[in-house]
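As structure tokens, the structure follows; a few thoughts come after it.
The values are calculated or read from the model by the stated rules, or taken from the named source; none is laboratory data. Note that this is a predicted model, so its numbers are computed, not measured. Positions of Cβ are generated from backbone atoms using ideal geometry, with glycine treated the same way; all protein chains shown enter the neighbour counts.
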């Protein structure tokens, strides 16, 4: 695909004899919200792990802006402007909200040993800017009042917000969110959807794994439907809803209602 | 040729000791997922318990062996329950630090009680055998024979008995085993005791040959870790095969290359292997 | 942090520095002063261990071995190659750092328990190498007859000599301040935040683009360099070395220091490093039992006061402050 930001070509992943992903190809366009749906065990998180290089694919390639990234180390992929959250909310638990938001920024990962030891005015300005940006991010996320709170003490909704913020802090081009609305109630879901759309409006391409069909159908530009590691369909919400394979595989009221 | 045969026999003997120690260590790791750093110190304790029985209570060698096994089994269970278990929900590093404390207590306790000098246990029999032209003391044959029997017995125990089955199930999937009704806490405790007892068997068996000292566990534990890392942490066969191989290797190097730095060389092998295959040769990905 | 608190802190620090610098005025007698020098050396070594354990989150069970390597390297450069102390010390530190680097490369790669295991094995094997390599290290009997550092020339024909215990105390104190400064610079910068990330959750740190392996290896090297510095100072001060100095028992005692003092804090290793030589002296009558006590102490600390003295103080002040602002 021509203007694809991220492309997966014939990706397969085997764990011993178990086939987690089977010959899946897809493309994510710049600026869109792209959702990955499927029942538990369909391979969605595995796909994320492949994209972010936490796992190497058994076959196939993953390309970011035309460059192959499969087979690199995870931190290298992250430095190529791909960020992610984890299904089980993962934060730097012993650090405060502000500290988490400082850690996520590029300035933190880039500060050299030499500069840390001998840096003068330059170093101070970098650190001041990083702290300022952490404050701004906290406000942007809606965590203005919890800035000094330790991450592990935050309520679930705030933890989800912070984990998104942690990934967003490095100004990624592509943001992968693994069940960002997991475990939060109805009102809180809307807060998170609002946050995700605001991030998209800031120019970030978003790829989403989500079970709540209403959310998916509402905000997605395009959807990838998986089952048993195989691709069922890829297209707009309307196209995916009409797809026979998808209809056959996804039984259940929630799905029917959303479509 | 004679020297080679002698070296091989000594290598198998040393390998038996290593296999037994590594087996105990790997059993414990399989269930509790923490490497028991204090294993070497407990090995040492086993030897001293037997020494105490023989020298202060006049017990026979075999009786002392049995007592040592029993005591160490009990000590192992106590250690798991009261020293390691409180730290299970903490990061692994806490268990390591606690183990260091244990090592300090055990090694220096032995030092205080029995002094730093080497101690001797007389072997139960001083017969000498003539095999293929070389002389072998009976104790060496006892070590090799008893260990081999124990390995077979242990294998049968794990495969054929209910407790053995419980141990294997718990080591493969703790939550699953719990759902099946297995008391994983008790199983873990018993396994720790078993692993510790195996170490004491090795120590008492080899004591008449290699002598006893408070620091006798140090190089043994280092080797045992090398073995189970190479053979795969948690792997029964890895520990056994690895034990014999490393024992032979170390003895060969000591005899034919350099007696001083055999251990360091083997450690270098570990580093090289780890750099290439971080999960060891037969490793389970924990 | 309010301005009032900042100033209070500065006053306390200033007072402590003044105490440290003027200590020889109050503490007289050669033996207590000797303990002071040992405390200083111990503090330096503990700061090194605290760096890798408390800030990076990796347990180096061979820290005492690196102390020994630094000691022997410096000693051999002075005795065998005729270097002046002032050259031998930095070179000795460099050698130790390189060895630390080489140790870290294969062993810090995999996450999990390999690093502590590998360092434990390393500690054991290097001790045996040092104890047996008679030609190089003098074997179990060790090296002796090392001279004190050469005097430093000053303007106007004067000089600073290091024959007296007090002069050695100030030399060690200088390095204590230097090491403290370096570590504080790191931990208070964004690099410190990075280390906190690696210590907190290495996978997560990787996912935000942090090259965790690089930082782990670099800081292990720095931590071993510090151990080597302490070792080199020890060698030059004591004038003699035995294989015992390279025994990983030293690692265990350092571990106790760091845990009692407060792992992961700046003050912790200072408190622990001062405490331990004093404790060793007072408990000397126990003989070997002293180490048994240390072992029990270590387990108790892990169970009941894992943050150590400094860590508990920090938690207490934080709690107290939050209660005050809440009112």
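Could you identify the single residue in B:103, B:79, B:93 that is within 14 Å of another protein chain (Cβ to nearest Cβ), over 20 Å from the mean Cα position of the chain (by Cα) and in a helix (DSSP H, G or I)? Outline the logic, then answer.
Values: B:103 fails: over 20 Å from the mean Cα position of the chain (by Cα); B:79 fails: over 20 Å from the mean Cα position of the chain (by Cα).
When all the criteria are applied, what remains is B:93.
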TODO: May I ask you to list the residues in the range C:269-310 that are touching a residue at least 24 places away in the same chain (Cβ under 8 Å) and away from chain B (no Cβ under 14 Å)?
DONE: C:269, C:270, C:271, C:273, C:274, C:277, C:278, C:281, C:309, C:310
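Just checking, which of A:60, A:71 is away from every other protein chain (no Cβ under 12 Å), at positive phi and in contact with a strand residue (DSSP E or B) (Cβ under 6 Å, 6 or more places away or on another chain)?
So the residue among A:60, A:71 that is away from every other protein chain (no Cβ under 12 Å), at positive phi and in contact with a strand residue (DSSP E or B) (Cβ under 6 Å, 6 or more places away or on another chain) is A:60.
Residues to consider are B:239, B:224; find the one that is within 14 Å of chain C (Cβ to nearest Cβ) and either out of contact with any strand residue (DSSP E or B) (no Cβ under 8 Å at 6 or more places or on another chain) or surrounded by fewer than 19 Cβ atoms within 10 Å (Cβ to Cβ) (or both).
Answer to the check: B:224.
Given the range C:166-252, what helices (runs of 4 or more DSSP H) lie entirely inside it while holding 1 or more residues that are at the interface with chain A (Cβ under 9 Å from one of its Cβ atoms) and farther than 24 Å from residue A:150 by Cα?
Values: elements: C:190-200, C:202-207, C:212-238.
Helices (runs of 4 or more DSSP H) meeting the threshold: C:212-238.
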- [ ] Return a yes/no flag: does the range C:240-263 have any residue that is at positive phi and surrounded by fewer than 24 Cβ atoms within 10 Å (Cβ to Cβ).
- [x] no
Open item on the list: Can you tell me which of (1) more than 24 Å from residue C:227 (Cα to Cα); (2) modelled with pLDDT of 90 or more is the one residue C:42 doesn't meet?
Closed with: (1)
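For the range A:1-99, which strands (runs of 3 or more DSSP E) that fit wholly inside it have 3 or more residues that are touching a residue at least 60 places away in the same chain (Cβ under 8 Å) and under 30 Å from residue A:131 (Cα atoms)?
Passing ranges, in order: A:82-84.
Conditions (1) surrounded by 13 or more Cβ atoms within 10 Å (Cβ to Cβ); (2) more than 14 Å from every other protein chain (Cβ to nearest Cβ); (3) in a strand (DSSP E or B); (4) modelled with pLDDT of 90 or more, marked per residue:
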site	(1), (2), (3), (4)
B:116	no, no, no, no
B:149	no, yes, no, yes
B:181	no, yes, no, no
B:193	yes, yes, no, yes
B:196	yes, yes, no, yes
B:201	yes, yes, no, yes
B:205	yes, yes, no, yes
B:209	yes, yes, no, no
- [ ] Working only within the range A:100-122, note down all residues that are free of Cβ contacts under 8 Å to residues at least 24 places away in the same chain and more than 7 Å from chain C (Cβ to nearest Cβ).
- [x] A:110, A:112, A:114, A:115, A:118, A:119, A:120, A:121, A:122
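For the range A:107-135, give me the residue count where each residue is assigned to a helix (DSSP H, G or I) and surrounded by 12 or more Cβ atoms within 10 Å (Cβ to Cβ).
17
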Task: Evaluation of residue A:33 against (1) at pLDDT 90 or above; (2) away from chain C (no Cβ under 14 Å); (3) closer than 26 Å to residue C:212 by Cβ; (4) crowded, with 19+ Cβ neighbours inside 10 Å (one fails), failing number - done: (3)
